[in-house]
1. Can you tell me which residues in region 1-22 are open to solvent by 40 Å² or more (accessible area, probe 1.4 Å), closer than 13 Å to L80 by Cβ and not in a loop (DSSP other than H, G, I, E, B)?
2. Mind listing whichever residues of region 67-116 are part of a strand (DSSP E or B) and among the β-branched types (V, I, T)?
3. State the number of residues belonging to region 53-65 that are part of a loop (DSSP other than H, G, I, E, B), closer than 21 Å to G8 by Cα and either open to solvent by 50 Å² or more (accessible area, probe 1.4 Å) or touching a residue at least 40 places away in the same chain (Cβ under 8 Å) (or both).
4. Of all residues in region 32-52 being of a type outside the set (A, V, I, L, M) and not in a strand (DSSP E or B), which is most open to solvent (accessible area, probe 1.4 Å)?
5. All but one of (1) free of Cβ contacts under 8 Å to residues at least 60 places away in the same chain; (2) open to solvent by less than 60 Å² (accessible area, probe 1.4 Å) hold for A102; state the number of the condition that does not hold.
6. Just wondering, is there one or more residues in region 66-84 that are aliphatic (A, V, I, L, M), modelled with pLDDT of 95 or more, touching a Leu at 6+ places or on another chain (Cβ under 6 Å) and more than 18 Å from Q13 (Cβ to Cβ)?
7. Quick check on S70: is it touching a residue at least 24 places away in the same chain (Cβ under 8 Å), out of contact with any helix residue (DSSP H, G or I) (no Cβ under 9 Å at 6 or more places or on another chain), surrounded by fewer than 19 Cβ atoms within 10 Å (Cβ to Cβ) and among the polar types (S, T, N, Q)?
8. Look at S84 and say whether it is open to solvent by 30 Å² or more (accessible area, probe 1.4 Å), on the phi > 0 side of the Ramachandran plot and either among the acidic types (D, E) or touching a residue at least 60 places away in the same chain (Cβ under 8 Å) (or both).
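The values are calculated or read from the model by the stated rules, or taken from the named source; none is laboratory data. All of these numbers come straight from a predicted model, not from anything done at the bench. Glycine gets a Cβ as well: all are built from the backbone with ideal geometry, and neighbour counts include every protein chain shown. Accessible surface areas use protein heavy atoms only, side chains included; no ligands, DNA or RNA. Shrake-Rupley method; radii C 1.70, N 1.55, O 1.52, S 1.80 Å.
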Amino acid sequence: QVQLVETGGGLVQTGGSLRLSCAASGSIFSIAAMGWYRQAPGKQRELVAAITSGGSTNYGDSVKGRFTISRGNAKNTVYLQMNSLKPEDTAVYYCSAQAGLAPPSWGQGTQVTVSS
């Protein structure tokens with residue numbers, strides 16, 4: 001019902017910044033919340049940041065104060081501004097969308113690598 005495509009990943013040095021984008025298509029008007037999750041090799045997927053249709057946000061403890069999630073005016077794009085990046089931020093970052101009561105939709109992921 002909702003298709004998601006992430007862009008903006010890449011290689012960055014410690015202390016640098018990246019801006020991830022997630023473009024949604026399909027039943028975008030039914031989206032209640034969108035978020036970013038990440039998964040590093042050998043680790044479980046964890047919440048990075050989430051934003052509701054009303055604009056409230058929630059962040060994982062490890063990224064508070066460094067990352068910012070936002071949505072475009074058209075509500076079909078969500079962004080993740082990542083500042084002060086650390087090597088431990090290295091992971092595949094996935095965009096997620098919750099549309100009504102349906103199971104969450106997931107993007108294909110984009111690799112973020114932070115070198116020391």
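1. As a first pass, look at region 1-22 and keep what is open to solvent by 40 Å² or more (accessible area, probe 1.4 Å): 1, 3, 5, 7, 11, 13-15, 17, 19.
Subsequent filtering for residues that are closer than 13 Å to L80 by Cβ retains 7, 17, 19.
Scanning region 1-22 gives T7, R19.
2. Filtering region 67-116 down to residues part of a strand (DSSP E or B) leaves 67-71, 77-82, 91-99, 105-106, 110-115.
If the condition is that a residue be part of a strand (DSSP E or B) and among the β-branched types (V, I, T), then T68, I69, T77, V78, V92, T110, V112, T113, V114 are the ones that fit.
3. Taking region 53-65 as the starting set, the residues that turn out to be part of a loop (DSSP other than H, G, I, E, B) are 53-56, 60, 64-65.
Add one more test, that the residue is closer than 21 Å to G8 by Cα, and what stays is 60, 64-65.
Of the ones still in play, those that are also either open to solvent by 50 Å² or more (accessible area, probe 1.4 Å) or touching a residue at least 40 places away in the same chain (Cβ under 8 Å) (or both) are 64-65.
Residues meeting the conditions: 2.
4. In the first step, residues of region 32-52 are kept if they are of a type outside the set (A, V, I, L, M); the result is 35-39, 41-46, 52.
After this cut, where a residue has to be not in a strand (DSSP E or B) as well, the list is 41-45.
Numbers: P41: 123, G42: 92, K43: 132, Q44: 161, R45: 114 Å².
The selected residue is Q44.
5. Going through (1) free of Cβ contacts under 8 Å to residues at least 60 places away in the same chain; (2) open to solvent by less than 60 Å² (accessible area, probe 1.4 Å) one by one, A102 breaks only (1).
6. For region 66-84, residues aliphatic (A, V, I, L, M), modelled with pLDDT of 95 or more, touching a Leu at 6+ places or on another chain (Cβ under 6 Å) and more than 18 Å from Q13 (Cβ to Cβ): present.
7. Working: touching a residue at least 24 places away in the same chain (Cβ under 8 Å): no; out of contact with any helix residue (DSSP H, G or I) (no Cβ under 9 Å at 6 or more places or on another chain): yes; surrounded by fewer than 19 Cβ atoms within 10 Å (Cβ to Cβ): yes; among the polar types (S, T, N, Q): yes.
In short, no.
8. Working: open to solvent by 30 Å² or more (accessible area, probe 1.4 Å): yes; on the phi > 0 side of the Ramachandran plot: yes; either among the acidic types (D, E) or touching a residue at least 60 places away in the same chain (Cβ under 8 Å) (or both): yes.
Yes; evaluated as a whole, the condition is true for this residue.
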